[in-house]
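Asker: Before I ask anything, let me first share the structure, which is written out below as structure tokens.
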Amino acid sequence: MNDNDDELTTFCDSAASLVEGCRLPVRMQGGDDWPLAEIISIKEIRGQRGYYVHYVDFNKRLDEWVGESWLDTRKVQFPRRDGVATGGTTTPKKTHIGSGGGVMPNFISVIAGEPRQLVSRPASPTLGNDSSSLVNGGAVLAAALQKKINRKRKAPSIDNNEEPKQNSKTFQSEPVPSVETEGSETTASGTATPTTRPRQSGSMVAHGHDDLVTRMKNIEMIELGRNRIRPWYFAPYPQEMVNLPCIYICEFCLKYRKSKKCLERHLIKCKLKHPPGNEIYRKGSISFFEIDGRKNKCYAQNLCLLAKLFLDHKTLYYDTDPFLFYVMTEFDARGFHIVGYFSKEKESTEDYNVACILTLPPYQRKGYGKLLIEFSYELSKFEGKTGSPEKPLSDLGLLSYRSYWAQTILDILTHIKPVGDNEKPIITINEICELTSIKKEDVISTLQNLNLINYYKGQYIISVNEETLQQHEKAMETRTLRIDPKCLHWTPKDWSKRAKCV
């Protein structure tokens, strides 16, 4: 050991010298990639060591247990005394690089299994394609796109003397205000990160990532109805549930049990075949139920615990009273099975129409995510308000909202017709907001992200080319799941007056 500087060591003989906080290349299971990973925890059972690693710059849902044969100890960054990894690398006397095909320790096999074959693990660690799956809600898209917006403003695609292309559809528009956000900053991955400004309700807040306990997945498997799902993140289930090979959850009341037999005994007593609360929407096999977090506190808390397994940015302090929960279900002969949900504050001072939003992994990439988003905006239309998801959005959530905003706004633009003798359709940003209930900042940032706003002859215009229209029409053909406003039976409540009565 070198006592003259902050590094713990400069050489290691083998993987046995590794400590928590070390960074080194690790082979991802199911592939041939060796990304840089940080060792979060080390366990030794029956003489075999297992390493819980987080792949740097990758989403935490890809964190996993690996064996020594998955480690490349030729390039190790040891942590300093203050816990920060050093920038240098070591050259150990002995190299231990596995082919990835070796047998992992028994306890590693139990913990990690074959995660890439499970429905709960996405195929790609990056943002990927336009998935409809959602993980926690909500953020204003403008923060994530601000730098890109500023770059575009420096070099408009249509200058003062250039005519728009002949194959484009143009609209007169109002001057575009600058896009500003409060309380968030943008990370390199495009997701918004929370600031120190607390939520006024204090019920759902972003948790710190420095806590070793919350950095590690603590639940190996859950069984929900006919699906077995491997969780993505930490969730604060009771300690006696943590070390079990599987937690069994009732898909109707969401109570959790230690064993299959315990669940079977519970199902004999449980009379629920759908979420508690009022069914406010039904079309075909899809239904939405509205649950009051104060009247159905036990269900709401269990729902938040379940959701936390797949949401990284939000944690719950069991204060569900200020929230309403809208649970989407799919109906069959056995009952109403939960597909996903979103929550919203009864009173939001910042016009948030979503607090947390999630599509469960077995139902992701099937259009249910956009259906949840569309339903949240349909409620905003009934309220006569514009809304936006609460920050921060997860990477998949941001992707889904971007896709929904783009499709919804393009759908409005493609159906606007000229009025009177005008050659070009006329629409303002405010009119788009009124028609869609999407907040102004989100409309502007979406148009700028799609590069549809241009400056021409002293005014801003929206210009949609033929290629964009064709792509939009093709995307809408595949979007078969839609909300029918005629099937929504719901009356908004004035919660401010109800609070005064109480």
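The values are calculated or read from the model by the stated rules, or taken from the named source; none is laboratory data. Quick caveat, the model's predicted, so the values are computed rather than measured. When we count neighbours, we look across all protein chains shown, and the Cβ atoms used for this are built from the backbone with ideal geometry, even at glycine. The area values use the complete protein model at the heavy-atom level, side chains included, leaving out ligands, DNA and RNA. Shrake-Rupley method; radii C 1.70, N 1.55, O 1.52, S 1.80 Å.
Asker: Which of the residues spanning the stretch 339-395 are open to solvent by less than 20 Å² (accessible area, probe 1.4 Å) and small (Gly, Ala, Ser)?
Answerer: Those that are open to solvent by less than 20 Å² (accessible area, probe 1.4 Å) and small (Gly, Ala, Ser): Gly340, Ser343, Ala355, Gly369, Ser376, Ser380, Gly387, Ser388, Ser394.
Asker: Step by step: first the residues of the stretch 396-426, then only those that are surrounded by fewer than 22 Cβ atoms within 10 Å (Cβ to Cβ) and of a type in the set (D, E, K, R), then the one that is modelled with the highest pLDDT. Which residue is that?
Answerer: Among those residues, the one meeting the criterion is Asp411.
Asker: So the check is Cβ under 6 Å with 6+ separation or different chains; which pairs have a first residue in the stretch 248-270 that's within 16 Å of Ile229 (Cα to Cα) and among the aromatic types (Phe, Trp, Tyr) and a second one that's open to solvent by 60 Å² or more (accessible area, probe 1.4 Å) and outside any loop (DSSP other than H, G, I, E, B)?
Answerer: So the pair list comes out as Tyr248/Arg257; Tyr248/Lys260.
Asker: So, one more: Among helices (runs of 4 or more DSSP H) lying entirely in the stretch 334-445, which contain 2 or more residues that are closer than 30 Å to Phe310 by Cα?
Answerer: Values: elements: 368-383, 395-415, 429-436.
Here the list reads 368-383, 395-415.
Asker: Restricting attention to the stretch 271-285, does a residue exist that is within 29 Å of Arg61 (Cβ to Cβ), open to solvent by 70 Å² or more (accessible area, probe 1.4 Å) and modelled with pLDDT of 95 or more?
Answerer: Among the residues of the stretch 271-285, not one is within 29 Å of Arg61 (Cβ to Cβ), open to solvent by 70 Å² or more (accessible area, probe 1.4 Å) and modelled with pLDDT of 95 or more, which makes the answer no.
Asker: State all residues of the stretch 450-484 that are in contact with a helix residue (DSSP H, G or I) (Cβ under 8 Å, 6 or more places away or on another chain), closer than 19 Å to Gly369 by Cβ and either acidic (Asp, Glu) or open to solvent by less than 60 Å² (accessible area, probe 1.4 Å) (or both); if no residue qualifies, say none.
Answerer: His472, Ala475, Met476, Arg479, Leu481, Ile483
Asker: Output the residues belonging to the stretch 13-50 that are basic (Lys, Arg) and modelled with pLDDT under 85.
Answerer: Hit for the stretch 13-50 is Arg46, nothing else.
Asker: Please enumerate the residues belonging to the stretch 224-255 that are in a strand (DSSP E or B) and either touching a Leu at 6+ places or on another chain (Cβ under 6 Å) or open to solvent by 60 Å² or more (accessible area, probe 1.4 Å) (or both).
Answerer: Arg228, Tyr248, Ile249
Asker: Quick test for you: out of Phe325, Phe336, pick the one residue that is at pLDDT 95 or above and open to solvent by 10 Å² or more (accessible area, probe 1.4 Å).
Answerer: When all the criteria are applied, what remains is Phe336.
Asker: Could you list, in sequence order, the residues of the stretch 65-79 that are assigned to a strand (DSSP E or B) and surrounded by fewer than 22 Cβ atoms within 10 Å (Cβ to Cβ)?
Answerer: Once the filter is applied, which keeps residues that are assigned to a strand (DSSP E or B) and surrounded by fewer than 22 Cβ atoms within 10 Å (Cβ to Cβ), the stretch 65-79 yields Gln77, Pro79.
Asker: Based on what the data block shows, is Arg265 farther than 21 Å from Pro492 by Cβ and in contact with a helix residue (DSSP H, G or I) (Cβ under 8 Å, 6 or more places away or on another chain)?
Answerer: no
Asker: Could you tell me which residue of the stretch 34-53 is least open to solvent (accessible area, probe 1.4 Å), considering only residues that are of a type outside the set (Gly, Ala, Ser) and over 14 Å from Leu71 (Cβ atoms)? Working first, answer last.
Answerer: As a first pass, look at the stretch 34-53 and keep what is of a type outside the set (Gly, Ala, Ser): 34-36, 38-40, 42-46, 48-49, 51-53.
From what is left, the residues that are over 14 Å from Leu71 (Cβ atoms) are 43-46.
Details: Lys43: 93, Glu44: 121, Ile45: 62, Arg46: 173 Å².
Selected residue: Ile45.
Asker: So, in the stretch 43-64, how many residues would count as being outside any loop (DSSP other than H, G, I, E, B) and within 23 Å of Asp395 (Cβ to Cβ)?
Answerer: Adding up the residues that qualify gives 8.
Asker: Turning to a different aspect of this structure: Just to be sure I understand, how many residues within the stretch 229-247 are free of Cβ contacts under 8 Å to residues at least 40 places away in the same chain and not acidic (Asp, Glu)?
Answerer: Selection size over the stretch 229-247: 8.
Asker: Would you confirm whether any residue within the stretch 449-459 is without any contact (Cβ under 8 Å) to a residue 60 or more places away in the chain and part of a helix (DSSP H, G or I)?
Answerer: The answer is no; no qualifying residue exists.
Asker: Within the stretch 25-37, can one find any residue that is touching a residue at least 60 places away in the same chain (Cβ under 8 Å) and assigned to a strand (DSSP E or B)?
Answerer: Scanning the stretch 25-37 turns up no residue that is touching a residue at least 60 places away in the same chain (Cβ under 8 Å) and assigned to a strand (DSSP E or B).
Asker: Please go through (1) surrounded by fewer than 17 Cβ atoms within 10 Å (Cβ to Cβ); (2) at pLDDT below 90; (3) hydrophobic (A, V, I, L, M, F, W, C) for Val56 and return the number of the only condition it doesn't satisfy.
Answerer: Looking at each condition in turn, Val56 falls short on (2).
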